[in-house]
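The block underneath contains the structure these notes are about, expressed in structure tokens.
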């Protein structure tokens, strides 16, 4: 089956900055696919190329088999786009905003579809309220309804839950899950790795390049290692000890500090290894609140990929 999105060797630069650097990936029809990465990773630029807002410098991108440069008018019939700054009209009501976007997309008999979307987003009882009088979460749901009014096959969401409260984030993800069960393909960007866990596949990006792409479970288990999570104080001192002590490095070759905890990668999470860790840290004055073993999170994996990328770049610079 032809992929919903096919990207090949995509390049986009802004002056001397290469925002997208040889990106290649496919998104299958019906999946929820996440692009994750820090600011400047190239996520938004990729989305904008797929929408036809930006023109690539090299490579190709196709949506539903349609080239996004040569067939962009046809592409736009298939996609809905929710940008980071989706513009609603504050002096129009919920109903009127949806009608406005329906007319933009050429949807003539939109009323039944609008009613379905209002029920879907639970905005029906507020349909006469002006957009300026909506909460942030309600505005985001209205923006989604406007994006969906022409029943797109593919929706492109650029950090749709950034800046909203936890309850709204939960509700928004419930809506996305419902859309996927109806067969809609979803490509979204997010800085939140806990959100990426919910997707069928995750592409991790940095400096416009693809670092890894796989289902979340595959990313977490690819190296066959566990993470020992240590809540301790002072955590910076614990990190320095873990990286400097030869006995610990032999068992825990990678250590990351995340907030007030230390995460250590290991292939051996047995009792002797944990006892060694505890004894070395406590002997060096670290107070340990808890130690537990778990599988790596996407955050662990992504930080490790970023560290490897940085090490590779530094080695290249030294040559």
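One residue is enough: does segment 11-19 have a residue meeting the conditions within 23 Å of residue 178 (Cα to Cα) and either more than 15 Å from the chain's Cα centre (by Cα) or part of a strand (DSSP E or B) (or both)? No, the conditions are met nowhere in segment 11-19. The set of residues in segment 209-234 being under 21 Å from residue 24 (Cα atoms) and part of a strand (DSSP E or B) consists of 209, 210, 211, 212, 213, 214. Taking the criterion of being over 20 Å from the mean Cα position of the chain (by Cα) and closer than 15 Å to residue 20 by Cα, the residues of segment 53-92 that qualify are 53, 54, 55, 56, 57, 58, 59, 60.
Any residue at all in segment 305-318 that is in a helix (DSSP H, G or I), under 19 Å from residue 234 (Cα atoms), outside the structural domain of residue 191 (by TED's automatic domain parsing) and without any contact (Cβ under 8 Å) to a residue 60 or more places away in the chain?
Step one: list which residues in segment 305-318 are in a helix (DSSP H, G or I), which gives 305-318.
Now restrict to residues that are under 19 Å from residue 234 (Cα atoms): none.
Taking every residue of segment 305-318 in turn, none turns out to be in a helix (DSSP H, G or I), under 19 Å from residue 234 (Cα atoms), outside the structural domain of residue 191 (by TED's automatic domain parsing) and without any contact (Cβ under 8 Å) to a residue 60 or more places away in the chain.
When 231, 164 are checked against the criterion of being at pLDDT 90 or above and either surrounded by 15 or more Cβ atoms within 10 Å (Cβ to Cβ) or over 21 Å from the mean Cα position of the chain (by Cα) (or both), 231 stands alone in meeting it.
Inspect all residues belonging to segment 49-61 and state whether any of them is at pLDDT 95 or above, in the same structural domain as residue 158 (by TED's automatic domain parsing), closer than 27 Å to residue 103 by Cβ and part of a strand (DSSP E or B). The answer is no, given that none of the residues of segment 49-61 is at pLDDT 95 or above, in the same structural domain as residue 158 (by TED's automatic domain parsing), closer than 27 Å to residue 103 by Cβ and part of a strand (DSSP E or B).
Check whether at least one residue in segment 73-88 is assigned to a loop (DSSP other than H, G, I, E, B) and at pLDDT 95 or above, and report yes or no. Spell out the reasoning first.
Filtering segment 73-88 for residues assigned to a loop (DSSP other than H, G, I, E, B) gives 83-88.
Narrowing the set further to residues that are at pLDDT 95 or above leaves none.
Checked against the condition, which is being assigned to a loop (DSSP other than H, G, I, E, B) and at pLDDT 95 or above, segment 73-88 yields no hits at all.
Checking each residue of segment 159-173 against the condition of being over 22 Å from residue 115 (Cβ atoms), out of contact with any strand residue (DSSP E or B) (no Cβ under 9 Å at 6 or more places or on another chain), free of Cβ contacts under 8 Å to residues at least 24 places away in the same chain and not in a strand (DSSP E or B) gives at least one match. Restricting 255, 177, 250, 237 to those that are more than 30 Å from residue 17 (Cβ to Cβ), outside any loop (DSSP other than H, G, I, E, B) and touching a helix residue (DSSP H, G or I) at 6+ places or on another chain (Cβ under 8 Å) reduces the list to 255. Of all residues in segment 274-304, those satisfying the criterion of being more than 20 Å from residue 197 (Cα to Cα) and in contact (Cβ under 8 Å) with a residue 40 or more places away in the chain are 274, 277, 281, 284, 285, 286, 287, 288, 289, 290, 291, 292.
Taking segment 259-281 as the region of interest, how many residues are touching a strand residue (DSSP E or B) at 6+ places or on another chain (Cβ under 9 Å) and either at pLDDT 95 or above or surrounded by 13 or more Cβ atoms within 10 Å (Cβ to Cβ) (or both)? Adding up the residues that qualify gives 13. The lone criterion from (1) assigned to a loop (DSSP other than H, G, I, E, B); (2) at pLDDT 95 or above left unmet by residue 198 is number (2). Only a single criterion out of (1) under 18 Å from residue 243 (Cβ atoms); (2) not assigned by TED's automatic domain parsing to the domain that holds residue 244 is not satisfied by residue 301, namely (1).
The values are calculated or read from the model by the stated rules, or taken from the named source; none is laboratory data. Because the structure is a prediction, the values reported are computed rather than measured. Methodologically, a virtual Cβ is constructed for each residue, glycine included, from the backbone with ideal geometry; neighbour enumeration extends over all protein chains shown.
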